[in-house]
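What follows is one structure encoded as structure tokens, with my remarks underneath.
Just so it is clear, none of the values below were taken in a lab; they were calculated from the coordinates. Remember, predicted model here, so these are calculated numbers, not experimental data. With ideal geometry, Cβ positions are generated from the backbone for all residues, glycine too; neighbour counts draw on all protein chains shown.
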Amino acid sequence: MFRFFKKKTAKNHTSDLQGNTKSFEEGSNKTNQTDQEFLHFDHLNFKLAIIQVLMYEEEVLKPAFDIFDFAEEFSDLDIDTESMEIIQPALDYFEKIQIPKEYAKHVQEIDMDGGNEIYMNLIPQWDGEDETFDLNEVSEEELKQFPNLEEATIMSSNFEQVKAVFEEAGIAVELL
């Protein structure tokens, strides 16, 4: 139902993933530049918002994760691509992915929305009406990694606290 991007074959997807991210099965670092530094995240929902920008909007974090390809490749996990709940193996993948620091310069704006591809790959039938992906915590250290980030529209049920952190970092923020 929610297909926003082209589906690759599982074979191509897996070979691309091995060249740019941690291998899901092995959990080991398969990046091409082993001495490269990576962004640090204290809060998963903030990391997911950044992955949305880098993977699906700016298309610098490749390949774009596709739950249908992932389910096909890891068929032994019996992944329900029509789920209304978080698909744990997909969430595990995003938790483990390392993002090179050099990609931070591409993040100029965060626009969290219930229809973002990142969320549709984690809960394919999510309607965006609950607080699952709300950005309720973020640290100034996380924000400082993104020198070009100027504005953000976020989902949050703790907006005033999060707003203060964004403002302290000099980033305009508004509630979706």
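With θ taken as phi - 60° and the Karplus curve 6.51 cos²θ - 1.76 cosθ + 1.60 applied, the whole-hertz 3J(HN,Hα) list for segment 133-140 is 10, 4, 8, 9, 8, 7, 9, 5 Hz, x standing for glycine and proline.
For GluC sites (Glu not before Pro), the sites in segment 79-171 that DSSP calls loop and that have at most 10 other Cβ atoms within 10 Å are E82, E129. Between D111 and T153, the built amide H atoms are under 5 Å apart, and every one of these is 5 or more places off in sequence or on another chain. Taking Lys and Arg as +1 and Asp and Glu as -1, the other residues whose beta-carbon sits under 10 Å from that of S157 total -3. In terms of overall dimensions, the C-alpha atoms belonging to segment 93-172 reach 35, 30, 18 Å along their principal axes, ordered largest to smallest.
Annotation: aspartates and glutamates with alpha-carbon distance below 16 angstrom to K163 (same-chain offsets under eight excluded): E109, D111, D134, E137, E140, E141, E142, E150, E151, E174. Across segment 92-97, rounded Karplus estimates of 3J(HN,Hα) from the backbone phi angles (6.51 cos²θ - 1.76 cosθ + 1.60, θ = phi - 60°) give 4, 4, 5, 5, 8, 4 Hz, Gly and Pro being marked x.
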